[in-house]
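Participant: Quick one: this structure, given as C-alpha cells, is what I'll be asking you about.
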Amino acid sequence: MNRYLILILPLVILSCNEDYKPKPKAFLRLDYPRANYVQANVDLPFSFETNLVANKLSAKQIPATTESYGVNIEYEKLKGTIFLTYKAIGENKTNLNAFLRDAQKFTLEHTKKADEIPVTSYLNDERKVYGALSEVKGNVASPVQFYVTDSVNHFLTGSLYFYAKPNYDSVFPAANYLQKDIMHLMETLRWK
C-alpha cells in the first residue's frame, strides 16, 4: 500500500503546477435602440405617446360595456406586451374604490413569487393624472404594473408581460427598458 502511495503522491503534486484562475464576471450586453416617442393614433377617451420600437398597437372596446377599452402595445423584438385596460368611472363614483382595490389586489397576488415590490406614486395636478407604478422583482409573470386615474371620470390600469417563462435575470434588461416606456406613457397621458 505504501508503494502505491509513494508513486501516486509525486504524480498528484506534479500535475497541479498550474495556478487556478477564476473566470472574470461577465454581464450580458443587450443594446436597445434609443426610445423615440410619437403620439399613439387610437380613438380612446385618453391619449398618450408610445415608443416607435412597439411594432403593433391595437385597441378594442370590451364587449358588454360601453365605457371600457382594452389596448395592447406589442414589442415583437422584446417578446413583450403592455396590456392596458380603461374603465370609465360611474356618475356616483362608487366604482372608483372597487377599481383601485382590484388594481392593488392584482399586484399583491404576485407577493407569493416576488422578492420585492417597490411602489412609486405618480402625481400630475396639471393634467389630473394620479396613480402608482409597481415594479415586481422576482420570477413573476408581470414585472411592471401601474394604474392612473383622474379620480372623477377615468381609470386606466396596465401590466407588462413577456412571452417567456418568468426568469427575473433573463427579462430584467427588457423589463427595465419597457418600464421606462410605461413611465413615459404615464407622463404623457391626457384625458379627453
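Participant: Pairs please, first residue from segment 80-100 and of a type in the set (Ser, Thr, Tyr), second anywhere and surrounded by fewer than 13 Cβ atoms within 10 Å (Cβ to Cβ) and part of a strand (DSSP E or B), Cβ atoms under 7 Å, 6+ apart in sequence or on different chains.
Facilitator: From residues that are of a type in the set (Ser, Thr, Tyr), there are no pairs.
Participant: Tally up the residues in segment 40-52 that are in contact (Cβ under 8 Å) with a residue 60 or more places away in the chain and either more than 21 Å from Lys192 (Cβ to Cβ) or not aliphatic (A, V, I, L, M) (or both), please. Show your work before the answer.
Facilitator: First, the residues of segment 40-52 that are in contact (Cβ under 8 Å) with a residue 60 or more places away in the chain: 44-51.
Filter once more, so that each one left must be either more than 21 Å from Lys192 (Cβ to Cβ) or not aliphatic (A, V, I, L, M) (or both): 45-51.
Result for segment 40-52: 7.
Participant: Being of a type in the set (S, T, N, Q) and either surrounded by 14 or more Cβ atoms within 10 Å (Cβ to Cβ) or within 16 Å of Ser159 (Cβ to Cβ) (or both) is the filter here, so list the residues in segment 62-82 that pass it. Show your work before the answer.
Facilitator: The first filter runs over segment 62-82 and keeps only residues of a type in the set (S, T, N, Q), leaving 65-66, 68, 72, 81.
Answer for segment 62-82, where residues must be of a type in the set (S, T, N, Q) and either surrounded by 14 or more Cβ atoms within 10 Å (Cβ to Cβ) or within 16 Å of Ser159 (Cβ to Cβ) (or both): Ser68, Asn72, Thr81.
Participant: For segment 18-33, indicate whether the set of residues that are among the hydrophobic types (A, V, I, L, M, F, W, C), within 18 Å of the chain's Cα centre (by Cα) and at pLDDT 65 or above is non-empty.
Facilitator: Yes: segment 18-33 contains one or more residues that are among the hydrophobic types (A, V, I, L, M, F, W, C), within 18 Å of the chain's Cα centre (by Cα) and at pLDDT 65 or above.
Participant: Do we have Thr50 as within 16 Å of Thr157 (Cβ to Cβ), outside any loop (DSSP other than H, G, I, E, B) and at pLDDT 95 or above here?
Facilitator: no
Participant: Additional query: Given (1) out of contact with any strand residue (DSSP E or B) (no Cβ under 6 Å at 6 or more places or on another chain); (2) touching a residue at least 40 places away in the same chain (Cβ under 8 Å), identify the lone condition not met by Lys112.
Facilitator: Evaluating Lys112 over (1) out of contact with any strand residue (DSSP E or B) (no Cβ under 6 Å at 6 or more places or on another chain); (2) touching a residue at least 40 places away in the same chain (Cβ under 8 Å) leaves (2) as the failure.
Participant: Considering only residues of segment 32-61 that are of a type in the set (D, E, K, R) and exposed (fewer than 15 other Cβ atoms within 10 Å of the Cβ), which is farthest from Thr188 (Cα to Cα)? Before the answer, list the steps.
Facilitator: Step one: filter segment 32-61 for residues of a type in the set (D, E, K, R), giving 34, 43, 49, 56, 60.
This time we only want the ones that are exposed (fewer than 15 other Cβ atoms within 10 Å of the Cβ), so: 34, 43, 56, 60.
Details: Arg34: 18, Asp43: 16, Lys56: 19, Lys60: 21 Å.
Filtering segment 32-61 for residues that are of a type in the set (D, E, K, R) and exposed (fewer than 15 other Cβ atoms within 10 Å of the Cβ), the one farthest from Thr188 (Cα to Cα) comes out as Lys60.
Participant: Something else now. Scan segment 115-134 residue by residue and report those that are under 15 Å from the mean Cα position of the chain (by Cα) and within 16 Å of Leu185 (Cβ to Cβ).
Facilitator: Matches in segment 115-134: Thr120, Ala132, Leu133, Ser134.
Participant: What's the number of the condition Leu78 fails, among (1) within 25 Å of Asn41 (Cα to Cα); (2) part of a strand (DSSP E or B)?
Facilitator: Exception for Leu78: condition (2).
One line per residue, one yes/no per condition, for (1) among the basic types (Lys, Arg); (2) loosely packed, with under 13 Cβ neighbours inside 10 Å; (3) modelled with pLDDT under 95; (4) within 24 Å of Arg34 (Cβ to Cβ):
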position: Leu84; (1), (2), (3), (4): no, no, no, yes
position: Arg101; (1), (2), (3), (4): yes, yes, yes, no
position: His110; (1), (2), (3), (4): no, no, yes, no
position: Lys113; (1), (2), (3), (4): yes, no, yes, no
position: Asn124; (1), (2), (3), (4): no, no, no, no
position: Asn167; (1), (2), (3), (4): no, yes, yes, no
position: Asn176; (1), (2), (3), (4): no, no, yes, yes
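The values are calculated or read from the model by the stated rules, or taken from the named source; none is laboratory data. Fair warning: this is a prediction, and the values are worked out from it, not measured in the lab. With ideal geometry, Cβ positions are generated from the backbone for all residues, glycine too; neighbour counts draw on all protein chains shown.
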